[in-house]
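*Asks:* I have a structure here, written as structure tokens, and I will follow up with some questions on it.
The values are calculated or read from the model by the stated rules, or taken from the named source; none is laboratory data. Fair warning: this is a prediction, and the values are worked out from it, not measured in the lab. Ideal geometry is used to build each Cβ from the backbone, glycine not excepted, and the neighbour counts take in all protein chains shown. Accessible surface areas use protein heavy atoms only, side chains included; no ligands, DNA or RNA. Shrake-Rupley method; radii C 1.70, N 1.55, O 1.52, S 1.80 Å.
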Amino acid sequence: MGNEFVVKVTMDKNNQNIQDINVIKQSETKEIGQKIIKPLLHNIIESNSTNVDAVSGASLTSKAVKSAVDDALAKIK
């Protein structure tokens, strides 16, 4: 568990709403990636914010994903 994430965030034309998030690089196991990361990213897109609940039992991974998205958003805005 290295908790390294690189993400690409796609925003709408006004940079107001998250349209998509793609994981470019991650250091978690495949099982964690499929079971935790995808639903977490879905919740972030749906709420248009990283202020979403962490996945139970995977708080470090959730924090790393949200941090990567926050970093990408800071570079966009």
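*Asks:* If the Cβ limit is 8 Å and pairs must be 6+ apart or interchain, which residue in segment 44-64 that is under 20 Å from GLU4 (Cβ atoms) pairs with which residue that is modelled with pLDDT of 95 or more and hydroxyl-bearing (Ser, Thr, Tyr)?
*Replies:* Hits for this filter: ILE44/THR50.
*Asks:* Across segment 7-22, what is the number of residues that are part of a strand (DSSP E or B) and either open to solvent by less than 60 Å² (accessible area, probe 1.4 Å) or free of Cβ contacts under 8 Å to residues at least 60 places away in the same chain (or both)?
*Replies:* The total comes to 9.
*Asks:* Across segment 23-52, what is the number of residues that are hydroxyl-bearing (Ser, Thr, Tyr), under 15 Å from VAL9 (Cβ atoms) and assigned to a loop (DSSP other than H, G, I, E, B)?
*Replies:* Selection size over segment 23-52: 2.
*Asks:* Provide a single number: the residues in segment 23-52 that are open to solvent by 40 Å² or more (accessible area, probe 1.4 Å) and touching an Asp or Glu at 6+ places or on another chain (Cβ under 6 Å).
*Replies:* The total comes to 1.
*Asks:* Tell me which of these VAL55 doesn't satisfy, since it passes every other one: (1) open to solvent by 60 Å² or more (accessible area, probe 1.4 Å); (2) farther than 23 Å from ILE76 by Cα; (3) not in a helix (DSSP H, G or I).
*Replies:* For VAL55, the exception is condition (1).
*Asks:* Here is a further query. Among the numbered conditions (1) more than 10 Å from the chain's Cα centre (by Cα); (2) surrounded by 10 or more Cβ atoms within 10 Å (Cβ to Cβ); (3) among the aliphatic types (A, V, I, L, M); (4) assigned to a helix (DSSP H, G or I), tell me where ALA72 comes up short.
*Replies:* Result: ALA72 passes all but (1).
Matching residues to (1) modelled with pLDDT of 90 or more; (2) out of contact with any strand residue (DSSP E or B) (no Cβ under 8 Å at 6 or more places or on another chain):
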| position | (1), (2) |
| --- | --- |
| ASN3 | no, yes |
| MET11 | yes, no |
| GLN19 | yes, no |
| GLY33 | no, no |
| ASP53 | yes, yes |
